[in-house]
Amino acid sequence: MKILFATQNQNKIEEVKNMLPSGFELMGLNQFNFTYDIPETQPTIEGNAIQKANFVFNTLKTPCFAEDTGLIVPSLNGEPGVYSARYAGPYRDPLKNMEKLLKKLSSEKSREAYFETVIALKYGHKLETFVGRCKGRIAHEAKGSNGFGYDPIFIPEGYDLSFASLSKSIKNKISHRAIAMSKLIAYLSE
Ligand code: IMP
């Protein structure tokens, strides 16, 4: 089965490719000459995933799935949450985002955090969503060079190393995105 992943984020494409079982083939927007900026202006992670899937479906008239992810830190009232990408400003700078989060957490007792991914699948008149969460904590400093975004400061539950220090295959088994993807794959396999 061929499925279109409605994202312009190459990191996410690479991760998701490595999660697909045999029998599934991932298509990207580059195969469709897609040059628009996908809007992402909703106040929730779920709202953004749905907005992205609807936009690409309506533009290309092709079934697709989109995803949105946020890092949630309960002791900071859920920050950075839906604003994870632009936490430190409009330039989506991962180093500045991590710096800001580490600074804000320096006076907090709890460093508990979780990633949440919502995948929205749009086909015909139907829309389905799939949620994946990965619990962990925020490290005191950034470490590791795998992955992307907040991976250098996120230590998943059950491990002592950040996602960026763990192997890609471990992240791809336990991550928020892996959990949401496994639900999508189960749904498509029904
Ligand atoms: P978006 O889903 O592309 O809007 O991403 C939101 C923010 O979370 C961006 O800063 C991403 O870099 C970051 N992000 C998304 N997924 C991950 C992940 O798996 N690990 C670390 N950071 C992530």
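For the range 173-187, enumerate the residues that are in contact (Cβ under 8 Å) with a residue 24 or more places away in the chain and either away from the ligand (no atom under 14 Å from the Cβ) or under 15 Å from Phe5 (Cβ atoms) (or both). Give the steps one after another, and end with the answer.
Taking the range 173-187 and keeping what is in contact (Cβ under 8 Å) with a residue 24 or more places away in the chain, we get 174-185, 187.
Once the filter is applied, which keeps residues that are in contact (Cβ under 8 Å) with a residue 24 or more places away in the chain and either away from the ligand (no atom under 14 Å from the Cβ) or under 15 Å from Phe5 (Cβ atoms) (or both), the range 173-187 yields Arg177, Ala178, Ala180, Met181, Ser182, Lys183, Leu184, Ile185, Tyr187.
Pick out the one residue from Ala53, Ala139 that is buried (at least 21 other Cβ atoms within 10 Å of the Cβ), under 20 Å from Ser175 (Cα atoms) and of a type in the set (A, V, I, L, M). Talk me through it step by step, then tell me what you get.
Numbers: Ala53 fails: under 20 Å from Ser175 (Cα atoms).
None of the others qualify; the one that does is Ala139.
Among Ser84, Ser75, which is the only one that is among the small types (Gly, Ala, Ser), away from the ligand (no atom under 11 Å from the Cβ) and touching a strand residue (DSSP E or B) at 6+ places or on another chain (Cβ under 9 Å)?
Details: Ser84 fails: away from the ligand (no atom under 11 Å from the Cβ).
Sole residue among the options that is among the small types (Gly, Ala, Ser), away from the ligand (no atom under 11 Å from the Cβ) and touching a strand residue (DSSP E or B) at 6+ places or on another chain (Cβ under 9 Å): Ser75.
How many of the residues in the range 33-80 are of a type in the set (S, T, N, Q) and closer than 25 Å to Asn97 by Cα?
8
Please report, ordered by residue number, the helices (runs of 4 or more DSSP H) entirely within the range 88-190 with at least 2 residues that are in contact with a His (Cβ under 9 Å, 6 or more places away or on another chain).
Values: elements: 94-105, 168-174, 176-189.
Correct list: 94-105.
Only one of Glu112, Glu108, Glu99, Glu40 is charged (D, E, K, R), free of Cβ contacts under 8 Å to residues at least 60 places away in the same chain, surrounded by fewer than 20 Cβ atoms within 10 Å (Cβ to Cβ) and in contact with a strand residue (DSSP E or B) (Cβ under 6 Å, 6 or more places away or on another chain). Can you tell me which? Spell out the reasoning first.
Numbers: Glu108 fails: in contact with a strand residue (DSSP E or B) (Cβ under 6 Å, 6 or more places away or on another chain); Glu99 fails: in contact with a strand residue (DSSP E or B) (Cβ under 6 Å, 6 or more places away or on another chain); Glu40 fails: in contact with a strand residue (DSSP E or B) (Cβ under 6 Å, 6 or more places away or on another chain).
Being charged (D, E, K, R), free of Cβ contacts under 8 Å to residues at least 60 places away in the same chain, surrounded by fewer than 20 Cβ atoms within 10 Å (Cβ to Cβ) and in contact with a strand residue (DSSP E or B) (Cβ under 6 Å, 6 or more places away or on another chain) holds for just one of Glu112, Glu108, Glu99, Glu40, which is Glu112.
On the basis of being within 24 Å of Asn172 (Cβ to Cβ), loosely packed, with under 14 Cβ neighbours inside 10 Å and small (Gly, Ala, Ser), does Gly70 make the cut? Steps first, please.
On the way: within 24 Å of Asn172 (Cβ to Cβ): yes; loosely packed, with under 14 Cβ neighbours inside 10 Å: no; small (Gly, Ala, Ser): yes.
When the stated conditions are applied, Gly70 does not pass them.
If you scan the range 115-162, which residues turn out to be basic (Lys, Arg) and within 13 Å of the ligand (Cβ to nearest atom)?
The initial filter retains those residues of the range 115-162 that are basic (Lys, Arg), namely 122, 126, 133, 135, 137, 143.
Arg133, the sole residue that qualifies.
Within the range 163-172, work out how many residues are within 11 Å of the ligand (Cβ to nearest atom) and under 16 Å from Gly132 (Cβ atoms).
3
Each reported figure results from applying straightforward, stated rules to the coordinates on display, with no laboratory input. No experiment lies behind these values; they were computed from the predicted model shown. Heads up, the Cβs are rebuilt from the backbone with ideal geometry, glycines too, and the neighbour counts pull from every protein chain shown.
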